[in-house]
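Structure first, then comments.
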Amino acid sequence: MAITPNPFTEKYKAYSNKEIIVIIDNASEYQPLAVTTAVQEFKCRNIPQEEVIRIRNEISSDLEDTERNSLTTKFNNVGKVVLNE
């Protein structure tokens, strides 16, 4: 019986630290093997704690910007419907 290679191993080596942390922090949105592989890659990189904190702050800021943009779009769309534009 042949062992199936992990499809995430090589792929995640090319991912940025931010991309790896996003996978780990949002584990419920990914396949278990994807998360396990991301954790392994994270450990191999030995990312300093200060860098992890900086990246998580950046991710949080990105999410806030995305949510703000989404709300603005929804508000604009409601205005168009109300004004029949």
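The values are calculated or read from the model by the stated rules, or taken from the named source; none is laboratory data. Note that the structure is predicted; figures quoted are calculated from it, not measured. All Cβ positions, even for glycine, are placed from backbone atoms using ideal geometry, and neighbour counts span all protein chains on display. Protein only, heavy atoms only, side chains kept; ligands, DNA and RNA dropped before computing areas. Shrake-Rupley method; radii C 1.70, N 1.55, O 1.52, S 1.80 Å.
Structural remarks
- Scanning the stretch 12-27 for residues that are of a type in the set (S, T, N, Q) and exposed (fewer than 14 other Cβ atoms within 10 Å of the Cβ) gives Ser16, Asn26.
- Selection of the stretch 1-21 for residues being out of contact with any Ser or Thr (no Cβ under 9 Å at 6 or more places or on another chain) and of a type in the set (A, V, I, L, M, F, W, C) yields Met1, Ala2, Ile3, Ala14, Ile20, Ile21.
- Scan of the stretch 1-30 for residues that are assigned to a helix (DSSP H, G or I) and of a type outside the set (D, E, K, R), ordered by number: Thr9, Tyr12, Asn17, Ile20, Ile21, Val22, Ile23, Ile24, Ala27, Ser28
- Cross-chain or 6+ apart pairs with Cβ under 7 Å, the stretch 36-49 first and without any contact (Cβ under 8 Å) to a residue 60 or more places away in the chain, then part of a loop (DSSP other than H, G, I, E, B) and open to solvent by less than 60 Å² (accessible area, probe 1.4 Å): Thr37/Asn6; Thr37/Phe8
- Selected residue (only one of Leu33, Leu63 is under 14 Å from the mean Cα position of the chain (by Cα) and part of a helix (DSSP H, G or I)): Leu63
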